[in-house]
Amino acid sequence: NAGVTQTPKFRVLKTGQSMTLLCAQDMNHEYMYWYRQDPGMGLRLIHYSVGEGTTAKGEVPDGYNVSRLKKQNFLLGLESAAPSQTSVYFCASSGTGGRVDRWTQYFGPGTRLLVL
Amino acid sequence: AQKVTQAQTEISVVEKEDVTLDCVYETRDTTYYLFWYKQPPSGELVFLIRRNSFDEQNEISGRYSWNFQKSTSSFNFTITASQVVDSAVYFCALTGGDSNYQLIWGAGTKLIIKP
């Protein structure tokens, strides 16, 4: 049981390049989230998904797109990277209630992104 | 609007001292959930505890204890007999409402335990 995994662990981009961050979870969770963490700050929600095929905007969605084609995967895309997107990106997932703890979010190890 | 405040930016103590990290929250929801997460220097986020708004019992887990007080909207975290391995950034977070699964995060408290 790997929990939440993220690919890649680290990436350097040039301004204007695009990339996709992959998040995968093997806990059968319905909910998945993408956050960014900047130095000295708490996490800020970029986008989230309440189920396969659905996505919604969080606090800081501009410059990012997401897709949830499969329940276990949640992709975060940067179409045209900017230096302001230099950050650490965390993916998380949570369950749906019943016996499953729907409120607790479990996090992946993070992806460090540097945009030059 | 929901808000979480961790007023202590950084705390430094000597090993074996007790230390309390403060968390004050604001919410209009009657049902909500509070969390503490630990982020060690390696960078991952580790879930420590979840507390429901309708359960004000304090909780103890080994050297860790949590004090939840609705009257003061606080959810403080105490580490007893601190150890160097406790050095990390600790985040308090809040979510609430049946349709709201988003976590609202405090800015975090950096805890430094000196040997």
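Summary of values
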{"quantity": "Per-region count, the stretch B:1-21, residues among the charged types (D, E, K, R) and assigned to a loop (DSSP other than H, G, I, E, B)", "calculated": "4"}
{"quantity": "Single match in B:Val46, B:Val19 (criterion: β-branched (Val, Ile, Thr), surrounded by 13 or more Cβ atoms within 10 Å (Cβ to Cβ), more than 14 Å from every other protein chain (Cβ to nearest Cβ) and within 20 Å of B:Thr9 (Cα to Cα))", "calculated": "B:Val19"}
{"quantity": "Qualifying residue in the stretch A:23-30 (condition: within 14 Å of another protein chain (Cβ to nearest Cβ), in contact with a Lys or Arg (Cβ under 9 Å, 6 or more places away or on another chain) and under 30 Å from B:Thr9 (Cα atoms))", "calculated": "no"}
{"quantity": "Matching residues, the stretch B:22-43, being assigned to a strand (DSSP E or B), more than 12 Å from chain A (Cβ to nearest Cβ) and not hydrophobic (A, V, I, L, M, F, W, C)", "calculated": "B:Tyr25, B:Glu26"}
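Read-outs throughout are calculated quantities, based only on the coordinates presented, and are distinct from any laboratory measurement. Not measured: the values here are computed from a predicted model. Methodologically, a virtual Cβ is constructed for each residue, glycine included, from the backbone with ideal geometry; neighbour enumeration extends over all protein chains shown.
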